[in-house]
Ligand SMILES: Cc1cc2nc3c(=O)[nH]c(=O)nc-3n(C[C@H](O)[C@H](O)[C@H](O)COP(=O)(O)OP(=O)(O)OC[C@H]3O[C@@H](n4cnc5c(N)ncnc54)[C@H](O)[C@@H]3O)c2cc1C
Ligand SMILES: Nc1ncnc2c1ncn2[C@@H]1O[C@H](COP(=O)(O)O)[C@@H](O)[C@H]1O
């Protein structure tokens, strides 16, 4: 028996969120006295996984899986679940991993739990803590079926090093057919995405207009951060929809969230609450965001942001 | 073409979240329930497909009689009929299994769910349902065109969009972008009057056992007070982020 961890890659590089999933898988496996096995698809650079404790890494090498497909990937994972006799599968919460996990639980008739923030509170019954009500609450949830699929919130467990020299096994799997095919992928190049970012710089209506985002982008560049915005900003077309964060937008669980000219409405805070450290820059000391933040600067964003960029660059 | 729109009935986004019965249950007292925002985009899209693709739109919720007001709203927005599967929504698995059973009796070409609900927000039902029914599946869906039996759609991926096509049947997880927020259909008087004439069927549940159980809820612990830094002392902010919070 082994705990399986799906290790997502993009352009032959593993995603950071998957390293965290592997660390989590290792800790969970230690808890229940099982081995931990990483599953990678078409990615041979397995050495970078050594610090994170896998006992074994299975590389599914199959040209049929060169494009992501929740259906094909799920069926490929089932083959490994069978061969490793695995009852627990861990995934990150990246868009593709969550997509895959949901489908996988449908075809394996298993319990799937997402937004998990901690190791099991007990193994028998198997209970896990997860966020619900868009981060306004936690639930302690019992998983009743034998097979369990677990997706963890990024930055909730962290990277815990456990160097190991995993056994590498490359396998080929006969893929199932699917009439679903990718026609095109449009990607913005160079920018850090909200889902993968350690730091997110976010701005709201306090910025007055889209032309003032140059300084937000410059601050994000300086920090290697992703940019985000409040809902009205994307509704007005100042920024793309993909940057809208909050209860009805993207969730953010970065290490650092910097909110500039954002009032801190309940719907905004709900989506960003699981970020570790929150900084607010706002000229209204009464803005609700000050109640939710760890650090705050009261003042004009148009003065503070350029000054902050300068000081960060001088570091 | 037959379209099923799965509707989750959720607390309004401004709701204060509280728990009762020793923190084992959500306190619905005084809470206003609404159509899950992600489902609302999907429902509007379905109503558009009525015109462009001669589709028939059914809105469905798994829940007790308290969800009927939300289903009536779906009828007023433009769904042709509504169905309530009569049992509490225990967990994503039991909800998906109940919907699966209905889909085996009535066949649908397209099933529209929301990307996730804003209450238990697992983002689980659409994928589970697609897996159970062996349908094609796309979530975080931001565009969808249907021609004959072929669907062309895109989904949001990290840092971009991916455009794909497939044969129907298909399950989608909808979100903002599938239609714009300004295009959401708001029920008017005529729609509300017409909704009264439409059928809302209540069908018995299969009685599926859930696979997960929320045993106890809790709320995040109160935060310590914000540390304020003066606007002309930004070095201090950098120092705090670097050495105290250790996030730089
Ligand atoms: C159903 C529903 C769902 C919603 N979902 C979301 C969601 O997912 N995400 C979301 O963000 N919102 C959401 N909202 C909207 C939310 O209620 C707020 O309206 C929104 O978050 C406000 O955006 P804002 O903070 O950018 O703008 P405002 O509330 O206008 O705040 C602007 C802030 O900027 C400050 N400011 C002004 N000038 C300066 C300056 N020069 N320097 C510094 N600060 C300045 C002001 O003091 C103010 O605090 C939702 C609302 C509804 C009804
Ligand atoms: N009780 C329910 N009845 C019908 N559809 C539901 C129900 N719960 C969830 N759904 C659908 O599944 C989607 C995702 O929900 P969830 O898995 O709870 O995040 C929702 O947006 C709805 O479309």
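Selection of the range B:143-159 for residues being touching a strand residue (DSSP E or B) at 6+ places or on another chain (Cβ under 6 Å), more than 15 Å from residue A:183 (Cα to Cα) and either at the interface with chain A (Cβ under 8 Å from one of its Cβ atoms) or surrounded by 22 or more Cβ atoms within 10 Å (Cβ to Cβ) (or both) yields only B:159.
Can you confirm whether residue A:173 is in contact (Cβ under 8 Å) with a residue 60 or more places away in the chain and buried (at least 22 other Cβ atoms within 10 Å of the Cβ)? So residue A:173 does not fit the description; no. Here is the figure for the range A:245-273: residues that are more than 6 Å from ligand 1 (Cβ to nearest atom), facing chain B (nearest Cβ under 10 Å) and closer than 21 Å to residue B:159 by Cα total 7. Could you check the range A:51-67 and list, in sequence order, the residues that are in a loop (DSSP other than H, G, I, E, B) and surrounded by fewer than 18 Cβ atoms within 10 Å (Cβ to Cβ)? Once the filter is applied, which keeps residues that are in a loop (DSSP other than H, G, I, E, B) and surrounded by fewer than 18 Cβ atoms within 10 Å (Cβ to Cβ), the range A:51-67 yields A:55, A:61, A:62, A:66, A:67. For residue B:126, the criteria (1) more than 8 Å from chain A (Cβ to nearest Cβ); (2) more than 16 Å from ligand 1 (Cβ to nearest atom); (3) within 16 Å of the chain's Cα centre (by Cα); (4) under 25 Å from residue B:183 (Cβ atoms) hold in every case but one, which is (1).
Based on this model, can you work out whether residue B:51 counts as loosely packed, with under 13 Cβ neighbours inside 10 Å and without any contact (Cβ under 8 Å) to a residue 40 or more places away in the chain? When the stated conditions are applied, residue B:51 passes them. Which numbered condition in (1) modelled with pLDDT of 95 or more; (2) under 12 Å from residue A:21 (Cβ atoms); (3) at the interface with chain B (Cβ under 10 Å from one of its Cβ atoms) is the only one that residue A:129 fails? So residue A:129 meets the others, but not (2).
Restricting attention to the range A:177-192, the residues that are at negative phi, assigned to a loop (DSSP other than H, G, I, E, B) and surrounded by fewer than 18 Cβ atoms within 10 Å (Cβ to Cβ) total 6. Only residues that are touching a residue at least 12 places away in the same chain (Cβ under 8 Å), near ligand 2 (Cβ under 10 Å from one of its atoms) and within 13 Å of chain A (Cβ to nearest Cβ) were counted in the range B:94-123, giving 15. In the range B:29-73, the residue that is farthest from the chain's Cα centre (by Cα) out of those that are within 14 Å of chain A (Cβ to nearest Cβ), within 14 Å of ligand 2 (Cβ to nearest atom) and not in a helix (DSSP H, G or I) is B:33. All conditions but one from (1) within 16 Å of ligand 1 (Cβ to nearest atom); (2) closer than 17 Å to residue B:172 by Cβ; (3) at pLDDT below 95 apply to residue B:114; the one that does not is (3).
With respect to residue A:214, determine if the residue is in a helix (DSSP H, G or I), more than 16 Å from ligand 1 (Cβ to nearest atom) and more than 27 Å from residue A:26 (Cβ to Cβ).
Numbers: in a helix (DSSP H, G or I): yes; more than 16 Å from ligand 1 (Cβ to nearest atom): no; more than 27 Å from residue A:26 (Cβ to Cβ): yes.
No, not satisfied.
The values are calculated or read from the model by the stated rules, or taken from the named source; none is laboratory data. Just so you know, these numbers come straight off a predicted model, no measurement behind them. Cβ sites come from the backbone with ideal geometry, for glycine too, and all protein chains shown count toward neighbours.
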